Amino acid sequence: MKKWLSVSLIMTMMVVVLSACGGNKANEGAAGGSSDKLVVYTPNSEAMINALIPAFEKQTGVTVELVSAGSGELIKRIQSEKSNPYADVMFGGAFALFNDNADLFEEYVSPNDKDLLAGHTNTTGIMTSYVSDGSVLLVNTNLAGDIPINGYADLLNPALKGKIAMADPANSSSAFAQLTNMLRAMGGDYTSEAGWDYVAKLLENLDGKIAGGSSKAHKSVADGEYVVALTYEDPAVSYVRDGAPVKVVYPEEGTVFLDAVAGVVKGSPNQENAKKFIDFLISKEGQDALGQETTNRPLRSDAAIGDFMTPMDQIKVIDEDVAYVAENKAAIVERYNEMFTSIAK
């Protein structure tokens, strides 16, 4: 699989260079016309790509061309190509990113959308959810000893002072998700004084230590540098699956799950193949692959998941007000920064 991915990415780079020199000839059919090609822009991991792309190609006979980069960079590229789209599908990204750039995507609701779990169906018309990632605590079982860590309240234990890893919500999407999760879980909403009072107490217990990034936070726990990290489900579960001395804790106060979404690029050359890809992402075959071959959480009600994944019915789930958070992110981050600066003095 890794060999396939490397070859695919090399081919992608070649085609990108050629298209820059000679226009969009690789996609010279009319938009929506029949072809055996699909161009996918994606920020997703190698594991997810390998779980899905070869199976999609085999099932449909469509050849997928991948362009991999960060979601923000890819959106900017789609914007710049708006008059002559190169991508057919944006595979990955958050609700807010798609919502803020709704004019770049075609309206398409897959017939498989009806099989998704409640709360995860396509209500906007432009984006399809295919996996969901929750905010979790990753605990080093060797270091935690008999310190109880079952939720956010337990992180205020003085025994954990300076032993908690968390990234900066201003620079890390997973850390920001943790911030809004704890505000919701500990205060009920994002402006509650009870929620922000909890954040202040947690910052005191961090003892001024902020991880350099989201990956540094979870890796530092797996490596035995910290007792517990505020992180997200995908990398946390991968450590468990691979036998590290850690466990994943879903906060007893409640866990927010946020969806990754995909959409069909407006005016793209291979519209029908793009729709086939969206259909495949949330088909039984596609969702089973995600649930069993990756550490991502599929969204079909009948999807199979690996033994390393905790069944959703064993997790207390609370909802995010996605629209509110997207609209007020800057204000939430500003209040956090002011609080952190005040406590760090």
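The values are calculated or read from the model by the stated rules, or taken from the named source; none is laboratory data. Just so you know, these numbers come straight off a predicted model, no measurement behind them. Reconstructed Cβ throughout: ideal geometry from the backbone, glycine too, with neighbour counts over all protein chains shown. Calculation scope for accessible area: heavy atoms of the full protein, side chains included, ligands and nucleic acids excluded. Shrake-Rupley method; radii C 1.70, N 1.55, O 1.52, S 1.80 Å.
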Tell me the angle of helix 284-293 to the major Cα principal axis of the chain, expressed in degrees between 0 and 90 and rounded to the nearest ten.
50 degrees
Note, the stretch 84-89: 3J(HN,Hα) by Karplus (6.51, -1.76, 1.60, θ = phi - 60°), whole Hz, Gly/Pro = x, goes 8, x, 9, 6, 9, 9
Could you give the size of the charge dipole of the stretch 237-328 about its Cα centre, using +1 on the Cβ of each K and R and -1 on the Cβ of each D and E, expressed in debye and rounded to the nearest 20?
320 debye
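Compute the relative contact order of the chain as a whole-number percentage, counting only Cα pairs closer than 8 Å that sit 6 or more residues apart in sequence.
On the way: 631 pairs, mean separation 87.2, N = 345.
This gives 25 percent for the chain.
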Rounded to the nearest 10 Å², the accessible area of Arg241 at probe 1.4 Å:
110 Å²
Amide H contacts under 5 Å for Tyr232, placed H, 5+ residues apart
Val136
Solvent exposure of the chain as accessible area per residue, Å², 1.4 Å probe:
44 Å²
For the stretch 208-274, inverting the pair-averaged 1/r of distinct alpha-carbon atoms gives a Kirkwood value in Å of 14.8 Å
Net charge of neighbours whose Cβ lies under 12 Å from the Cβ of Tyr324, counting Lys and Arg as +1 and Asp and Glu as -1
-3
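In debye, nearest 20, what is the charge dipole magnitude of the chain about its Cα centre with +1 on Lys and Arg Cβ and -1 on Asp and Glu Cβ, if you could check?
Working: 28 positive and 45 negative charges, 162 e Å.
With Lys and Arg at +1 and Asp and Glu at -1, about 780 debye.
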Keeping the other protein chains in place, figure out the carbon and sulfur percent of the accessible area of the chain, with a 1.4 Å probe.
51 percent
What angle do you read, to the nearest 10 degrees and between 0 and 90, between the alpha-carbon axis of helix 173-187 and the longest principal axis of the chain?
50 degrees
Considering the dipole of the chain built from charges on the beta carbon (Lys and Arg +1, Asp and Glu -1) around the Cα centre, which of Val256, Phe280, Asn157 is farthest to its positive end?
Phe280
Residue-count net charge about Ile126 - beta-carbon cut-off 12 Å; Lys, Arg +1, Asp, Glu -1:
-3
Round to the nearest 10 and give me the degree value, 0 to 90, for the angle of helix 71-80's Cα axis relative to the longest principal axis of the chain.
40 degrees
Within the stretch 89-186: Cβ-based charge dipole about Cα centre, in debye rounded to nearest 20 (Lys, Arg +1; Asp, Glu -1):
500 debye
Give, to the nearest whole percent, the P(r) tail of the stretch 224-345 beyond 20 angstrom, counting all Cα pairs.
62 percent
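State the three equivalent ellipsoid semi-axes of the stretch 41-83, derived from the C-alpha gyration tensor as the square roots of 5 times its eigenvalues, in descending order and whole Å. Before the final figure, lay out the partial values.
Numbers: eigenvalues 106, 39, 5 Å².
Whole-Å semi-axes of the equivalent ellipsoid: 23, 14, 5.
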Select from Thr310, Asn112, Ile78 the residue farthest towards the positive end of the dipole of the chain; place +1 on Cβ of Lys and Arg, -1 on Cβ of Asp and Glu, and compute about the Cα centre.
Ile78
